[in-house]
1. Do you know which of the residues in region 58-84 that are out of contact with any strand residue (DSSP E or B) (no Cβ under 9 Å at 6 or more places or on another chain) and outside any helix (DSSP H, G or I) is surrounded by the most Cβ atoms within 10 Å (Cβ to Cβ)?
2. Within region 1-18, restricting attention to residues that are outside any strand (DSSP E or B) and surrounded by 10 or more Cβ atoms within 10 Å (Cβ to Cβ), which residue is modelled with the highest pLDDT?
3. Scanning for something part of a loop (DSSP other than H, G, I, E, B), under 24 Å from residue 188 (Cα atoms) and in contact (Cβ under 8 Å) with a residue 60 or more places away in the chain, does region 36-43 turn up at least one residue?
4. Within region 96-141, count every residue that is within 18 Å of residue 178 (Cα to Cα) and assigned to a helix (DSSP H, G or I).
5. What is the residue count in region 187-235 for residues that are in contact with a helix residue (DSSP H, G or I) (Cβ under 6 Å, 6 or more places away or on another chain), farther than 22 Å from residue 49 by Cα and not in a helix (DSSP H, G or I)?
6. Being part of a helix (DSSP H, G or I), under 19 Å from the mean Cα position of the chain (by Cα) and not assigned by TED's automatic domain parsing to the domain that holds residue 193 is the requirement here; does residue 52 meet it?
7. Could you tell me which numbered condition residue 130 fails, if it satisfies all but one of (1) without any contact (Cβ under 8 Å) to a residue 40 or more places away in the chain; (2) outside the structural domain of residue 175 (by TED's automatic domain parsing); (3) crowded, with 20+ Cβ neighbours inside 10 Å?
């Protein structure tokens, strides 16, 4: 990240058309990724968000305040060179999807999970022909290979930019099905976050919140919602 440790030298960040998309220029100088790849994104709306992040910088450039830029960098520098590996890694979440592992008790929690998660598993079965097996407890169970292959297909059909955002939706929630439901418009990103936090919400209701855990959850939620926004802007 040392390449980012520079002070602002530009007066204005602008969006310009480029081959295969849009780029951001700083006083006419095109922005590049840390790997020196020309930063070209698929939509003007996404480029505008990135330009706004650069315009907001004062003094030293702070990458932690530039989530759209960081995600675009990841798409170009990390996803593009190893696209198939990223697809495979994310598709593997279908084999241990959060929605398939249920509490053994108490009964109100078991019922809450069923009400929230069963409709989404039914949606995945109908939409992708991918029935998944549900179990109580944390012991791993094998899922039908045909279902896992069916769930991999929509992941493989994504662009590198979509996949960069999808990575965070899956990794943060622990659920391939939830992430697919967001990208297909079945549920909103905030709804998906809440559905991924049913167990944690239950514990908070019973025992109260922990300040450190709450701060961590807030950061993860912000990252999750940001991933949803980035995906939506990919077109």
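The values are calculated or read from the model by the stated rules, or taken from the named source; none is laboratory data. Bear in mind that the values here come from a model prediction, so they are computed numbers and not experimental data. Don't worry about glycine lacking a Cβ; one is built from the backbone with ideal geometry, like all the others, and counts go over all protein chains shown.
1. Ranking the candidates gives 66 first.
2. 12
3. Yes - at least one qualifying residue is present in region 36-43.
4. 21
5. So the answer is 1.
6. Against the criterion (part of a helix (DSSP H, G or I), under 19 Å from the mean Cα position of the chain (by Cα) and not assigned by TED's automatic domain parsing to the domain that holds residue 193), residue 52 does not qualify.
7. So residue 130 meets the others, but not (2).
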